Structures are given as structure tokens and as C-alpha cells.
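Read-outs: derived from the displayed coordinates by stated rules, not from any lab. The structure displayed is predicted, hence computed values, not measured ones. Here Cβ is always computed from backbone atoms with ideal geometry, including for glycine, and neighbour counts include all displayed protein chains.
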Amino acid sequence: MLDSSSPNPRGDTLSSLIFKNAANRGAKTAIREKDLGIWQSWSWAEVAEEVKLLASGLAANGYVRGNNLAIIGDNRPRLYWSFAASQSIGGVPVPLYQDAIADEMIYVFNDAEIEFAIVEDQEQVDKLLEILPQCEKLKCIIYDDPRGMRHYDHPAVMAYADVRELGSKFLTEQPKFIEDELNKCHTDDVSVILYTSGTTSKPKGVCLTHKSCIEVAQGDMGFDNYTDDGEILSYLPMAWVGDHLFSYAQSIVTGFTVNCPESSETVMIDLREIGPTYYFAPPRVFENLLTQVTIRMEDASNIKKWLFGKFMGVARHTGLDIMDGKPVSLKNKILYGLGNIFVYGPLRNNLGMSRIKVAYTGGAAIGPDLYSFYRSIGINLKQLYGQTETLAYVCKQPDGDARIDSVGTPMPGVDIKVGDKGEILVKSPGLLKEYYKNPGATKEAITAEGFFKTGDAGFIDQDGHLKIIDRAKDVGVLNDGTMFAPQFLENKLKFFPFIKEAVCFGDGRDAVCTFINIEMDAVGNWAERQGLGYSGYVDLAGKSEVYALLQECIEQVNQDLAMEDTLSGSQIKRFLILHKELDADDDELTRTRKVRRDFVAEKYGVLVKALYDGSKTCFIETQVKFEDGRSGTISADLAISDAKMIPFNQGLAA
Amino acid sequence: MNDNDRKLGPTLLKADNISLAFGGVKALTDISFEVKEREVLAIIGPNGAGKSSMLNVINGVYHPNAGSVTYKGTVRQQMKPHEAAKQGIARTFQNIALFKGMSVLDNIMTGRTLKMSAGFLAQCLYVGRARNEEIEHRKKVEEIIDFLQIQSIRKTPVGRLPYGLQKRVELGRALAAEPTLLLLDEPMAGMNIEEKEDMSRFILDVNDEFGTTIVLIEHDMGVVMDLSDRIVVLDYGKKIGDGTPAEIRNNKEVIDAYLGVSD
Amino acid sequence: MGFFVEVLLSGLMAGVLYSLVALGFVLIFKASGVFNFAQGAMVLFAALTFVRLLDILKDTFAPITLALIITIAMMIMLAMAIERLVLRPLVNQPGISLFMATLGIAYFLDGFGQTLWGSDIYTLDIGIPKGSIFILESVFEGGVLVAKEDLVATVIAGLLVVTLAIFFQKTRIGRALRAVADDHQAAQSIGIPLNYIWVIVWTVAGLVALVAGVIWGSKLGVQFSLSLIALKALPVLILGGFESVLGAVIGGLIIGAGEKLAEIYIGPYVGGGIEYWFAYMLALGFLMFRPQGLFGEVHIDRV
Amino acid sequence: MFYREAGQFKTSYKADQAVFPIFQDKVFVAIWLLIGFVVIPMLANEYVFRAIFIPVIIMALAAIGLNLLVGYCGQVSLGSGAFMAVGAYAAYNFMIRIPDLNPLICFLLGGLSATVVGVIFGIPSLRIKGFYLAVATLALQFFTDWTFSRIDWFTNYTPSGSIAVQPVAVWGFVFDSPIRKYLLCLTVLVIFTIIAKNLVRGRIGRAWMATRDMDVAAEIIGIRPIFAKLSAFAVSSFFIGVAGALWAFVHLGSWEPLAFDINLSFSILFMVIIGGLGSIVGGMLGAAFITLLPLFLNQLPIWLGINMSTAMVSHLEYMIFGALIIFFLAVEPLGLARIWQITKEKLRLWPFPH
């Protein structure tokens, strides 16, 4: 299949694998993008050609081996090709979160000494032009979408199409260029630098190699039997390790098709259209979907509600067994079959999940109800565990042995140890090569034996399953010596549909208290059904009825905690409902939407104080940034409520 | 604004002494003005000043009782609306005039009617030219949908859309004809600030990207001052001002008649 | 010449009856925008009710009066039923749906009337003089022959038209009806319940139908074909305009005279029977020049 | 419920603009065609063909034709009976006056004659609108009634004024049995349905709908009203004319002018309204409903064992028919097609309500 003009696909780097795909499965669709109303498609052969042209164009513009290439934008084919283009001529792509604030961006641009950036559209160009003076090395900004770019005459700005054009000229002059460059690439070269959004420190660039990407992708492929006729929807940020592994490396290694949604508003529609076979989503997405299901079913006719309730009951007691391949009585099998016709099948279809062979979630804990809901309606949802530094390759739940309280068993080639304070230490084929230009951090993160310190506390049970409790550094103690695992509590709280975010305090204090963020949709819907009027978020959050509702939730958590020896002492004593949503723009959350607990504790110090001094209300005024960049303040008198605590082991009786 | 590097072309449209009356009620009296190629001209004035009537004269819905319109160098007294469309004049309406029973896609597709030529028999059988044409024009329409960022509603019946989006679809339908001259009758009426900002951007982009000449009627003075190269002020069917936004802002007669009393 | 006048007069007198039916249409269209195809069925129903009641009540002290009162009561009930069962559920539906609904009413009334009262041909005699007289003997040689009953009918119809005109111009309800016709919302805002007005309009239309039915019935006998005179009234409407009482009257006269004259003077050359369509063609030809009808208003399309 | 749309994505406009973009719908239509062409011919008896299937199919053709005019182009017409008559009489005259002309050609020529008449009588639509136009179309109805009963040339001077024809024979194949007639009509219906669908989803259809929804705006876009309206009249009358020819030749066999009177016009309009304005499938559903309802009402007393005079049955039938029409308009003014559409939507969204 190889013709003389095509570069020799050695296959030990991601970029060379693309050319190998072009040779082996050239006509097969590699990537699609919903654009102009239909799914525009490119075959592997076309992709290889595009990559070649872009790489040559970059080279023609002075991009050389060892240069880093910033990539910013939504998931777009041309941006994915940018990864490959830079890799094929020995560069390293550095994807950035497009909603990152200017300071973060400037930091990364300077840290990675970025000279070239490929961005999606005018919005990104404007952003980069704004920070251009502070980014010393940045000299070339390439944009994909020409919309609105007509009058930009800045010398640094050029169009993707022009670069490609340049590339085609360059190629006619040096037809062997790409081939030669590809051959110069080594499998142990760094293939990508992913910046982690540190909760406390400046971002660190995680350097991953071609070898680790390929080995991890092969490991995953073997573990869950990926085939090249699969489909995935790539809608998670390209700068996130999960997307890089799944939508880029995995697609290249396995040869399945990547689909890019039309826009962020149409992701759900596009998901339904594509009906992916492999799917990854953080628990938050699954949770939103379930909330939508619940809300939509509220308005259904009684017959449908009955049918839904009835068969969801069947799914609850039978679905998991069927999914796990355990024996089920004939009656239940028939009932489940009927349910599949009337409820589960249509439901999966409406969620765009009819064709899913395996779905993953990870990055945060998933609620047990949520988890079993999806599994019981026939979606093979599994948890996985990993970090950017391990290329998300540590543990996965194996088929037939998926347990809600564990993140699965170690993947092939992975070695796990438990260190101090229960910290999980990992050796994985996906392990980072180093932190970019940060040997200190590298040394700190990797032990002498080559284990990566995950910073998570957990243990391996007798069946070999890994269980995670909390961040190792977050595990604290109350004044009476009781163990306090804040994230564990917060996750338990967040499993309620009414609670969007929770922040628990208790380390070094007498009791556990918590901030709550309500889930506007669910609570609003609830309020409407109660006939409760409200004028907006602040008003709704302050309603005494809402407080009562959440008090119930919290007391239920307390009841659960009362069942467990070690944690029963860390029940929640007092809580308040925040008047605003915690927001990444206000630095209260990380870009991956994890709570920055310390920052929040400091910012809302008054409230924390009020929680512990027994006040009934507390006045707070907060600065907020709006979406358009303006800022303002919102203020409110927040009520503080007490929750009932249950003595150990009386959880059941109550 | 990129006013400086935008080159206005020669005169595209010239209204000469237009007068129009309905059964004795004078709607327009002796109005004259010109529009240059690639210009954005705003017509302002209090309600009932004859602004919409002026647009209606330009695209042939009303026939003036006196005066003439010169368009692309051709003088005419009367013209049917569909002839105006053929000449590259498209417009939107004060009260949305979308085709309620059709989807967004189909509505914009109607804007391409004049560019289609498949024969009747081909259409019956949906073969050859008829089908290729549908596909070819669908692509054009999708570009407009993309331009106006209404991808998520392309197959929604327009009747179900909120007001602001309907206005956008109507603009899309007008754009589908790839007009030389675009007449916009209060494109931002009834919109909130955010929608107005979006619409202003679209209008500027249309002018900028496609070089379309635009004549628009608008009440929001902020928008008018930002968008237009030149402003014509009407009052009771008479022209009382004509000049750049800065000139209009300082025109005493205009201030007395209009700017002073309205916001 | 005498013969021409005779034909003309008989045409005009038939035209008065067309006017009467057309009036019923106009009333309803004006007040509710409904194109009431059931007007013909109402004529039949009213006449049938009246003639059968007359038969049942023939031994009482005042059969005609009693029958009239009961028939009127029934027409009021009918109007109420239509308002409640047809108009109210269909409010805000497009005109075509309402038109179809009145076709439904027509079917229902035709069936209902005949189920209730039977489907034979009944002669109706309420004392309208029969026979013909010669009039205008001083003007034309030999005078002009007219039927007495036509004369009476003309007089009654004329009176009814005048009454209605006064009703519309001078009474409070009449003015309210006109307000409704002009602007539904305005009418509601001045405190006239729309439903109430509909009932009144349909009642009045029912009474007009009764008069038309009695006159036609006494002339031709009460029978199913009465229902079809609605079709005769339609060209009158397009000629006169859907919303004009005066138009209905004048349109009726023109149509009546026109079709009689055409039948006599053109008919023989084309095989006769052109009465059947002439009215429509006349109206259609007319429409081409005045699309809004004789007295209709010109609507300017505002865009 | 039966829809599994996940994964049915379109990679070309051709696929996206297909009449049935959803796979399940394709299957559904295929099943219906199978039932129509294979199952029914195997199972049905002569009476059912004659009384139900053939009239329903021909009426469906007429209703689709009228729907193009009323539902898609917004021009109300009460003259469908007349167009059917023109189609029937023209086909008859072509057949007797041009020897050895293929009957199918005659039907088409009948349709074309209706087209010519339709365009002529569509001219008033350029000046008048709404009910004025509706009443104007009645003129045609009365005019054709009169023409075919009074001008003997059209009936080839048959003394009774009624016409009787031989079974249709095409290239020696005689459509004499009900099952053959049925298959002939069904084939014609399928072909015409495809044509109708092709027209309404293309430029002409959009021009019609634009004229219907907002004629002034349509004209400003460049859609000439004269073109849109007259083409709608032309196509619509062609459909109805062909239906008329089929009705006369295939269904009736012998007929007189009364067969195409105003009641037929009303019936077809009912089919369109009850079936659903602006919907092809609506025309079929409406035709089935309006054709079968009287049959059903007629049989009801017999099924219920009630003894009733025929006059009484007929009067009750009128009443119930009228009442049902009103009921229907009140419950679902957008017609059976709307109910159909809602059901489909519900199935697609199942188990969600919206």
C-alpha cells in the first residue's frame, strides 16, 4: 500500500502512525465536523495530506524542530491536525484551555516559550493580540475561521488557509521534507505538553512522550476491545488529558472516528446524531443528563410516569446484574426485555447512547445512584482513575466487575503502591517524562523508584480494586481527633440533584460546617412545583423553604455517615446556602471545576466565622465578574441553619 | 470601526424629489438623497415621518406620485417589488414578515429563489438540476446560518422562535439573495441590549464582509450613530437633515424636531 | 319595452329575496368574521320549523303568531347553541376552519331539520295573496304583469332591510355590533362581551333566514331545495361586499335583474339554463375590476 | 418509542434533505407500500375494493391536489368538483375523438385540460383573496355543471346526457376486475404523491408556501405572485383532473354531470381540512376519513340492529357528519396530519413528553 511519495510510516510516533493509517485504512473516515449543517468528513488519507500541508506551511514560516506550538479553541479538525503537524516536524503541541484568563495564558506562553500559536477564531486572536506585548517570544498567530478577520493587518496574524497554501508550495520545492522530518522523530521524544491547572501553584507543564501515548492507547484498546469502526464525540477541552488521550492518541492508534460538534450549544444534539460507541464524560455531565431526564419526566403523562417508574424499578433490581453478566431469573429477564423496549431503549436513544459499547467517567467521584442508573439501563458506564501525569492510565473498572465504591483494577503495565497517609503511588506506561523546565517539581512528584505521587489517599482491597477516599493533603482531623475527609463529604452532598457545589470545613475545628451551592435548575423546578415564587438565584437561595429542603439532604448524609465508624464523628453541624454560584472566573473553582477550598475559605472568611460562632445570619458582599468581563458586586444576608446529627450506628433506626 | 479604510463607491441609489400620498394624506414630500456603494445610511425620524414609506418606494411596494429613483444608473418611476429583488434590492420588515409555516432553513432558502432555475419537470422528479440546485443553495444558506450563528435552530419552524431570533432569520433571508442594496426596517426594534449588540455586529459584518450597501431605519440613536456613515432625517414626510452622525448631532433643526424630544 | 320592464321587475323582486339571504351572511361576517355557509340551511330549518308548527298548532286560537313565537325561540336557541358549541371552541382559528365549521352546521341543520320535521314538500300559506296583477298600465301599453306575492315579498323584505339599517345605525346594540366588526379588541375594551354579541348576530341572522324562508316557502313550498338558495346569495355577496348591508341589497337587485334578463335575452342562444351560473360570472367579471366588491373597503397592505 | 435515531447522522446535504431522513420512517413507508401492493390485493374482497379502497385512493389523489392549492399556496377553492368534471369529460372526449389513444394518455390529457381551465380560473386569484376567491371558484363549479349538462357535444350527444365507458384497456391489458383497478389507482397515487412531495420540498413549494404565509414579503424576495398562484392552480387542477378521469372511468364507469356537483367540491375540501392543510399525508388521511365516515354511519344502524327508514338514516348521517366535522375542527383544527405528526413526535421523544 505504500507508495514512494508517502513518508515511511514507522509507527512509533503518533504523527507517523497517522501516515501509517493513511496507508492501511486510507479511505476510512478519520474525523468529522458538523459544519454548515452536515457532518463534513475527512478520511485518514485526507487527514495525512492536511497534516503534511500544514506541517510544511509551519516549516515555511520558520517553525523548527523543538518549537512548541500553542493550540487554543474548541475541538476542531484543523486544530487536531495542528497537533500532528507540529509533531511530524519535531515540534511539541501545547494545548491551552480557551477560557483561561489572561494571566494564566501569559504564564504558559512564556513558560513554554511559545512562538507559534494556532487558534480557532477571531475571539482567540483578539485575546492573543491583547497579551502579545507580554509574551516575549510569540511571533505568529494562525487562525482557522476567517470570519471577521478581513481587516486584521497585524504582521503576526495569518490565516490557516494561507499557511496551508504556503505549505503546498514548500512541498513542491522539498517533496521529501516531511518524510525526513518524520524519520528524525524518536518515540521517546516529548509528544505533547499539557499544563495542569494547579489548585494552589502556578500551572506546570506535563511532558508526555510518543511512546507513553501509544502504549497507553494500546493498553486501553486491549482492555476494552476498541475497534476502528468506533465513533466518539470530542467535546471536552483539548487541553485536558482525557481529550488528548481519547480524541487524539487513541483515535490514531485504534483508527476510530472522531466527531467534532458544531458548537458548544449543540453538543447534546450532536451527541444524539452521532450516537458514539465510546464515550467519556465527567460525572457532572452524567449528572446533568439525569437531572434533565428527571425534570422532563415530571411533565409526562401519568401512564408514562407509571411505566417509567415501574421499569426503572425493574432496572434497579435486575439491570446491574444483567450488565455484569450475572444470572437472572427468567421472569426478570422478560421484564427487563420489556423495559428495554418501552423505557431503556428509547431513553438510551434520546440520550444519544444507543450505540455505546463502553462509557467512562472519572476525574471526580460519581454518585452511586447516578452510576447505577446508567448501568442499569444498559449503558456500560465505568469509572477510571488517572491523572494528567499518568496520562489518565492507572485503573479502570473491568467488564463484569464494576463496583461503585472502587475505581477499578490496575491497568496492564501499571504498578501501584500505598505510601504515607494512604497516598497512592503509581508507576505507569503513561507516566510523564518530566515537568517542563521544572526539575524541582519533577523530583518532588516522582520517587526514586520511579513512582508518581498522586496525592490521593486510598487503598487496595482484597480483590485488587483501588478505592480512593480523598486528596491526601486534604484529609484532616477535627479537634476531637475524628478523621475529616472534606471531599468525601462534599461528594456525598453533591450526589443530591439540588446541590451543585459544596465546601466543607472542619480541619482543626470542633465540628463540620458547610457552604452549599444550589443547583438552579433542579431547585427552581422544585420551587415551581411547590408554587414558590422567586425572582432569581439570590432570592431562591435565601428562601426558608429551600433551606428546609437542603436540611433534609444534609441530615440524610449525616445518617449515612452515622453508619461508618471512622467518619461518623464528622457529621455536618451547620450549613448555609451561598448567594452566588462558585465560578472559575472568580478563581473559586479551577478550570476543571474543582473547588479551591482554601481560596474560598479565605474569600468568605466572614461566613466561615459565622458558621462557627453560632450566628443566625451573616451579611456578605462579593465582587463578581460577569461573562462580558465587567465586574460588579452582589450582596445578601445569608441565613445559617443547623442540621440534626445522628449518634453512631443509629442511622438505620432514624 | 474601519471607516477610514473603507472606500465608498459611486452613487448606487438616488432618490429625486420623491412625493407620495395616500388618498390626500401626504406621506412623503419632495424627498431627495443619495446612497453610495458600500455605505451604511440610516433614515431616522419620529413615528409617522415616512421612513417605512421611503423604503417601500425604493423597493417598489409603493409607487411615488412624483419624483424618480435612480438605481445603478437607471432612472425609474415605477417598479414591481419582484423586479427590485431581481436588481439586487433585499429588505427586512418592521413587523417581522417571515413565512410562519416554514422552518428557518426553508425561510432563508426562499431568499435564494431568484438564483434558482431548474425546470418544472426536473422539480417534479427531483432529479438533475433541481436536486443539484437544492444542494448547492443549501450550502449557501448554511453559510448564512453560520454567519448569523443560528445553527441550533436551523430546522425549527420560525413561529416557535423568540422575537430576537426571528429578526435574525429575517436578516438571513434577505442576505440569501446576496443583495447589492439591503433595506432594514427597524432591525433592532423590541430587542434587548445584548440582542441589539449582536444585530449591530451582524449588520456591520454584512457591510464589511460582503460590501453590501445598507439603508436602515432605526430608533435607537446610539445604534444609529455607531452604525451609520450618514444619516437622513425625516419629519412629517419632509427631509430635515442629511449628513454624518456628527453633523446630525449638531443640526439645530434635527435637534428641535427629533433628537431633543426623544431620547 | 313593457316586456323588458316586466322581466326586469320580476328579476328585481327575486333579487330582493337574494338580498335577504345575503343579509344574513353579511350580518354574521361583519360581526364575527365568519363566512357562514349555513345561512341556507338556516333558511330551510326556520321555514320547516315554522310550517310544521303551523300544522301542529292549526287548531289553536292564533296558529301563525304561536308558530312564529316558537320558531323565533328556536332560532334564538340555535344561535346560542352555535355560539357555545361552535364559535367558542373555534375562537382564534383561521377563517377557513370557521368556514368549514359552518359547512358542518349546514349539514347538521339539514339533517336535524328533516329528522325533526320530515322531508316532504310542505305548502306554506300565511295569507299572502296569490295571483298576478297588472301594474303601470298607464306607462306601458298593456301594463306589466307581476305576481302579488312577489310584491308583498318585496315590501316585507324592503321593510326588513330598513329595520336592520336603523337597528345598526341607531340602537346601542347595533352600534356595538359595528364596533365588533371594526375591532374585536376595542369592542371588548368598551365592555361588550363578545359571546353575547355573537348570539345576537346569529339570532338576527336566524330571523332574517326565517323571513326569507317563509317568503320563499310560500312561493315554492317548503322543501330541501330552500337550503340551496344560499348558493344564489353568494354572488350577491361578492358583488356587494361581505361587510356591507347596502351592498347586499343592491347586489341582490343587480344579480336578480341581471340573471333574469340574461336568461331571457341571452339564454336561448346558448341552450338556456344560464341562470344557473350567470350570477357567478357576472360577479366574477365584476370582481376583476373591483376586488373588494361594490361597497367593500380597500385594504392597503402595510409592510 | 420505535425510533432509534442516535447514530443516524448525515454527511451530505443529499442525505439530510431526503424525504425520509430517518431510517425507521423509511422502513415504515416500505411496510405501507408492501401492504398496499401485496397484502391488500391478497386479502381484500371485491366489495371492499369497490366501496373502500378505490374511491379512497382516487379521492386521496384529488385531496392531495387540492391541498397543493389550499394548504400550500393558501388559495381557497370550492371548484374541485368542476376540475374533476373537466378531467373526466376531457378524457372522454379525447378517447372517443382520437382513435386508439392510450387511455392513460387520455387521463393525462384530461388532467392537462383541467390545468388549462384551472389557470384561467386562477387568474382572479391575482386580484382577489380569501373568501372572495373561494366564492369566485364556485362560478367555475356552476359553469361546468351547466356546460356538461347543456352542451351536448361534450357528452357526444348521448340522449340521456349520461356517459358509460368500457373498462380501461392499456396495451391489451384490461383493467376490469376491482383488484386490477385498485392496483392501477394505487400506482397512479404513488407516482403523483412522489411528484407532489418533490414539488413542495423544492423551489416551487417554497414559493407557494411563502405566498401563503406572507404574499407581500414573498414578492419582495422575488417570488412573482402570478407565477406562484397560477402554478399552484395549474398543478392542483392537473392532479384533480386526473383524479376526475380516474373517478369517472375506473370507479364509476358511467356517470352524469351530477356526479361532479358542488357536494363533491365540499367533500374534497373537507378531506383537505380534516386531513390537514399543507400536508401530503393529510390528503390521504382526510380522503380515507371523509370517504369512510358516511359508509360507517350508514352501516351503524345495521350493526346495532336498529330498524330505520333509509330517509331517516340519511338524515341522521347528515347530522352526525356535520357534528363530527365541527367536533374535529374544535379538537384538532390542524387535522389528522397534525395528530399523526404529534404521535410521531411523541414516539421519537418517548418516554419524554417534550
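Key figures for this structure:
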item	result
Estimated vicinal HN-Hα couplings, Hz - the range C:163-173 in sequence order (Karplus 6.51, -1.76, 1.60; Gly, Pro = x)	4, 5, 4, 5, 3, 6, 7, 10, 8, 5, 5
Chain D: C-alpha gyration tensor shape, a/c 1.5 cut-off, then a/b vs b/c	rounded
Relative contact order (percent, whole number), chain A, Cα cutoff 8 Å, 6+ residue spacing	9
Long-range amide H partners of D:Leu277 with built H, under 5 Å	none
Chain B: relative contact order as a whole-number percent, Cα under 8 Å and 6+ apart	26
Mean separation of Cα contacts under 8 Å (6+ apart) over length of chain D, as relative contact order %	30
Relative compactness, the range D:29-116, computed as alpha-carbon Rg over 2.2 N^0.38 Å	1.33
Members of A:Lys443/A:Lys603; A:Lys396/A:Lys453; B:Lys140/B:Lys196; A:Lys357/D:Lys10; A:Lys304/A:Lys333; D:Lys14/D:Lys344 lying beyond 27 Å, as alpha-carbon distances in this model show	A:Lys443/A:Lys603
Gyration tensor over alpha-carbon atoms, the range B:99-176, equivalent ellipsoid semi-axes in Å	24, 12, 10
Under-5 Å amide H pairs with A:Asp470, H placed in peptide plane, nonlocal only	A:Ala457
Fraction of beta bridges assigned by DSSP in the protein assembly as shown that are antiparallel (%, nearest 5)	65
Farthest toward positive dipole pole in the protein assembly as shown [+1 Lys/Arg, -1 Asp/Glu at C-beta], among A:Leu128, D:Gly7, D:Ile240	D:Ile240
Lysine pairs in the range A:14-208 with Cα atoms under 20 Å, if 8 or more residues apart or on separate chains	13
Sorted by Cβ density within 10 Å, fewest first, the residues D:Met95, D:Met84	D:Met95, D:Met84
Residues A:Cys213, A:Cys260 arranged by fewest to most Cβ contacts within 10 Å	A:Cys260, A:Cys213
Built amide H within the under 5 Å cut-off of B:Leu216, gap 5+	B:Leu41, B:Ala42, B:Ile43, B:Leu184
Per-selection metrics, the range B:176-256 (Cα): Rg and Dmax in Å	13.4, 40
MRE, 222 nm, helices only [DSSP H, n ≥ 4, -39500 (n - 2.57), over chain C, to nearest 500]	-23500 deg cm²/dmol
Partner chain coverage, peptide A:34-46 - average Cβ within 10 angstrom	4
Rotationally averaged projected area of the range A:454-554 (alpha carbon convex hull; nm²)	8.6
Rg over Rh [alpha-carbon atoms, Kirkwood Rh] for the range A:14-208	0.96
Along each principal axis, Cα extent of chain B, largest first, Å	62, 40, 39
Computed over the protein assembly as shown, the ratio Rg/Rh where both radii use C-alpha atoms and Rh is Kirkwood	1.04
Local electrostatic count, A:Lys609, Cβ distance below 14 Å [Lys/Arg +1, Asp/Glu -1]	+1
A:Ser615-C:Ile266 pseudo-label distance in nm [points 7 Å out on the Cα-to-Cβ vector]	9.6
Non-local Lys pairs in chain C, i.e. 8 or more apart or on different chains, that have alpha carbons under 16 Å apart	4
The range A:529-595: GluC sites (Glu not before Pro) in DSSP loop, at most 15 other beta carbons within 10 Å	A:Glu564
For the range D:240-251, 3J(HN,Hα) per residue [Karplus equation, 6.51 cos²θ - 1.76 cosθ + 1.60, θ = phi - 60°, Hz, x = Gly/Pro]	5, x, 5, 4, x, 4, 4, 4, 6, 6, 8, 7
In the range C:101-173, the GluC sites (Glu not before Pro) that fall in loop regions by DSSP, at most 13 other Cβ within 10 Å	C:Glu137, C:Glu141
Shape box of the range C:2-289 [Cα atoms, principal axes, largest first, Å]	61, 56, 37
Sequence-distant aspartates and glutamates (8 or more away, or on other chains) whose Cα lies within less than 12 Å of A:Lys427	A:Glu389, A:Asp415, A:Glu449
Net charge contributed by nearby residues that have their C-beta within less than 15 Å of C:Leu261 (K/R +1, D/E -1)	-3
DSSP-assigned coil residues among trypsin sites (Lys or Arg not before Pro) in the range C:6-93, each with at most 15 further Cβ atoms within 10 Å	C:Lys58
Assigned charges on the beta-carbon of Lys, Arg, Asp, Glu; chain A dipole about Cα centre (debye)	1360
q = 0.14, 0.20 Å⁻¹: log10 I(q)/I(0) that the Debye formula gives for the range D:222-354, counting C-alpha atoms only	-0.86, -1.26
Cα gyration tensor of the range C:36-164 - equivalent ellipsoid semi-axes, whole Å, descending	34, 21, 14
Nearest-20 debye value, the range D:45-349 charge dipole, Cβ charges on Lys, Arg, Asp, Glu	900
Sorted largest first, extent of chain A alpha carbons per principal axis (Å)	80, 63, 53
Estimated vicinal HN-Hα couplings, Hz - the range A:239-254 in sequence order (Karplus 6.51, -1.76, 1.60; Gly, Pro = x)	7, 8, 4, x, 5, 4, 5, 7, 8, 10, 4, 5, 4, 5, 6, 7
Directionally averaged projected area (convex hull, Cα atoms, the range A:476-642), nm²	9.6
Net dipole in debye of the range A:14-208 [+1 Lys, Arg Cβ; -1 Asp, Glu Cβ; about Cα centre; nearest 20]	580
Listed residues D:Gly172, D:Gly130, D:Gly110, most fluctuating in chain D (Gaussian network, C-alpha, under 10 Å)	D:Gly172
